[in-house]
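None of the figures in this text is laboratory data; all of them are computed from the coordinates on show. Computed from a predicted model, the values in this text were never measured in an experiment. With ideal geometry, Cβ positions are generated from the backbone for all residues, glycine too; neighbour counts draw on all protein chains shown.
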Amino acid sequence: MSDVSSAIPTRAPWWQSGVVYQIYPRSFQDSTGDGTGDLPGVIQRLDYLVSLGVDAIWLSPFYPSPMADFGYDISDYRDVDPLFGTLEDAERLIREAHDRGLKVIVDYVPNHTSDQHPWFVESRRSRDGPKRDWYIWHDPNEDGGVPNNWRSVFGGSAWTLDEATGQFYLHSFLEEQPDLNWRNPDVQREMMDVLRFWLDRGVDGFRVDVLWLLIKDDQFRDDPPNPDYDPDKPGSWELKQVYSGNRPEVHNIVRMMRDTVDEYDRRLLIGEVYLEFSELVRYYGEDLQGAHLPFNFSLILNPWEVDVVADLITRYEAELPDGAWPNWVLGNHDQSRLATRVGADQTRVAAMLLLTLRGTPTIYYGEEIGMSDVSIPKEEQVDPAGKVIPWMNRDPERTPMQWEAGPRAGFTTGEPWLPIADDADEVNVAVQREDRESLLSFYRWLLQFPRSEAAISLGDYERVWHEGGVLAYVRTDGKRRFLIALNFGGEDASLPLDGADSGTVVVSTGISRVGSQVTGSVDLAAHEGVIVALPLVDNDAS
């Protein structure tokens, strides 16, 4: 822990120096014994989140839903599903989080609704109905088949025939999730009012689901083949999403959302955007009037290799528009857990990377105790995507939070909706809270550090490089300088320092290193990371 500090500029928005913690409500804490997490359960655990040291919580969907896709098929945007509690519970959660100094971010799912939403029920009633154009309908092609070759993310055609009206409707995901028509001004107005509904209740921001998919080609042209398609490679798609997503017009919608959010003070707009850097950064918008933070998933989607990560940092920073604030993510509810991807030995290195890179970090629940993917027998799998495309099964990363030892890990008194991990008796909050050298203690320690050091929370890079399996970068605010050195390998390594640089280890993955001096080089054990305070820069020196 550092014994020195420098002031964090008060002019920066809260989310630039803040840390976001994602909660998947079904799996965080059950307060009723029905085996499913809920909003009162989240309230019960707010003090834990304060003690952890995060600044904001992001809640995955809790709205009324038939649960075909576990809440991403919404039947009412302005209420809470009884499974998760009541609207009053949501309002109380917002109040109690604010009372503890925590911001609240909620999911906004604008691309599609449930097929049981009253809007779609009305839309499919007849071709001439008042809400027909609220969704995307199309006549069959000349042969009576689907209008074009667009594919559902969950497999198969993105079109389903409504036999009663003789037209197909578009669904980018399950057929129970029809896509809204964002070219319709009535849809735009209604969905902006949905944002205001939750803003009026005090939410501090939104994470916008599949932001890049909102507008589709108005000529309904076929997507072209993907020349890099590999049928044996998970995540490889047969078609390039040229016409079914990432259309230029989508940025007008993003600006509309931003304008709505900006009607309120200090609110945040985050966009889920799975695109390459060159396209991702366009979602910041012209004059930075788009999403404050288009999610950067590159650390999840690329190999955990030192040269790859160094290149990602450099390329991402180079692509950012002037004045844009970066962000980094190591895990979420759709991707294999961090400990599973990088290995248990690298979890501390990964945490130090996430929390010292320039930009806003997001932690996925359970990362701070080293939760890993849970192997679930096929007959117990519940994820609809995994039932269609095995490699897309998301159950392993959505299992219940491990709070304490015992058959239900402190998550529920009933039968959990997904199995508890076999290692929950050892990998849990209660055990690690009492262990000064645990991963949880390391996260708490590390989360305290950026707050007191503007060079890390809001500063810039002086240099990013890698050498001998070590990733290194220097963060500075012009007054303070810190070297972050991370050993990605399983063997000892040494990183030479520039010139006569020397410094003091102020944070380490191994507590015994804190306070030690380094001169000429930083020697690292396998899987070790350190933050080194380098000499002060004398700005007045001539």
**Asked** Can you flag which of LYS131/LYS233; LYS103/LYS216; LYS240/LYS387 are past 30 Å Cα-Cα?
**Response** LYS131/LYS233; LYS103/LYS216
**Dipole in debye (nearest 20) - the chain, about Cα centre, beta carbon charges: Lys, Arg +1; Asp, Glu -1** = 1120 debye
**Request:** May I ask you to derive the relative contact order of the chain, considering only C-alpha pairs under 8 Å and at least 6 residues apart, and to give it as an integer percent?
**Result:** 14 percent
**Angle between the chain longest axis and helix 250-261 axis [Cα atoms, degrees, rounded to 10]** = 70 degrees
**Item:** Pair-distance profile P(r), taking every C-alpha pair of the chain, with 20 angstrom steps and integer %
**Value:** 21, 54, 23, 2, 0
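Using square roots of five times the C-alpha gyration tensor eigenvalues, list the equivalent-ellipsoid semi-axes of segment 381-442 in whole Å, biggest first.
Working: eigenvalues 147, 41, 10 Å².
Semi-axes (√(5λ), whole Å): 27, 14, 7.
Quick one: ARG26, ARG100, fewest Cβ neighbours within 10 Å first, how do they rank? Can you show the working numbers first?
Numbers: ARG26 25, ARG100 11.
Lowest to highest Cβ neighbour count: ARG100, ARG26.
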**Complete:** Rh (Kirkwood, all Cα-Cα pairs) for segment 118-170, Å, reads 11.5 Å
**Fill in**
Computed over segment 118-170, the relative contact order (Cα-Cα under 8 Å, seq sep at least six) in percent reads 31 percent
**Item:** Vicinal HN-Hα couplings computed from phi for segment 327-344 (Karplus, 6.51 cos²θ - 1.76 cosθ + 1.60; Hz; Gly/Pro x)
**Value:** 7, 9, 9, 10, x, 7, 6, 10, 10, 3, 5, 4, 4, 6, 6, 9, x, 4
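Mean residue ellipticity at 222 nm from the helices of the chain, using -39,500 (n - 2.57) per DSSP H segment of n ≥ 4 over the full residue count, to the nearest 500 deg cm²/dmol? Walk me through the numbers before you get to the answer.
Values: 16 runs with 129 residues, N = 542.
Mean residue ellipticity, 222 nm, calculated: -6500 deg cm²/dmol.
Projected area of segment 279-357, taken from the Cα convex hull and averaged over every viewing direction, in nm²?
On the way: hull surface 21.9 nm².
That works out to 5.5 nm², a quarter of the Cα hull's surface.
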**Request:** Could you work out how far helix 87-99 tilts from the main Cα principal axis of the chain, as a 0 to 90 degree angle to the nearest 10?
**Result:** 20 degrees
**Complete:** Taking Cα atoms only, helix 347-356 is inclined relative to the longest principal axis of the chain by an angle, in degrees rounded to 10, of 90 degrees
**Principal axis dimensions, segment 460-533 - Cα atoms, whole angstrom, descending** = 34, 24, 21
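Report D for segment 62-160 in µm² per second (integer): Stokes-Einstein, Kirkwood Rh on Cα pairs, 37 °C, 0.692 mPa s. List each step's numbers first, then the result.
Numbers: Rh = 16.1 Å.
It comes out at roughly 204 µm²/s.
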**Extension gain (nm, one decimal) between ARG201 and SER336, 0.36 nm per residue minus Cα-Cα** = 45.3 nm
**Request:** Compute the FRET efficiency between ASP133 and ASP79 as 1/(1 + (r/R0)^6), taking r as their Cβ-Cβ distance and R0 = 25 Å, and round to the nearest 0.05.
**Result:** 0.50
**Item:** Selected from GLY490, VAL506, GLY469, residue furthest toward positive end of dipole (segment 460-533; charges at beta carbon)
**Value:** VAL506
**Asked** Rounded to two decimals, what ratio of Rg to Rh does segment 304-435 give with C-alpha atoms and a Kirkwood Rh?
**Response** 1.03
**Request:** Mind grabbing the base-10 log of I(q)/I(0) for segment 110-237 at q = 0.10, 0.14, 0.20, 0.22 Å⁻¹? Debye formula, identical points on the C-alpha positions, no solvent, two decimal places.
**Result:** -0.37, -0.69, -1.22, -1.39
**Request:** Can you give me the three principal axis dimensions of segment 195-314 from its C-alpha atoms, in Å, biggest first?
**Result:** 48, 43, 26
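Over segment 204-338, what relative contact order in percent results from Cα pairs under 8 Å that are six or more residues apart? It would help to have the intermediate numbers written out before the result.
On the way: 193 pairs, mean separation 29.9, N = 135.
It comes to 22 percent, rounded to a whole number.
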**Complete:** For segment 353-503 (alpha-carbon point model, no solvent) the Debye-based log₁₀ I(q)/I(0) at q = 0.18, 0.20 Å⁻¹ works out to -1.09, -1.18
**Prompt:** What order do you get for ARG132, ARG358 when you list them from fewest to most C-beta neighbours inside 10 Å?
**Reply:** ARG132, ARG358
**Prompt:** At ARG255 and LYS233, where each label point lies 7 Å from the Cα along Cα→Cβ, what is the point-to-point distance in nanometres?
**Reply:** 3.6 nm
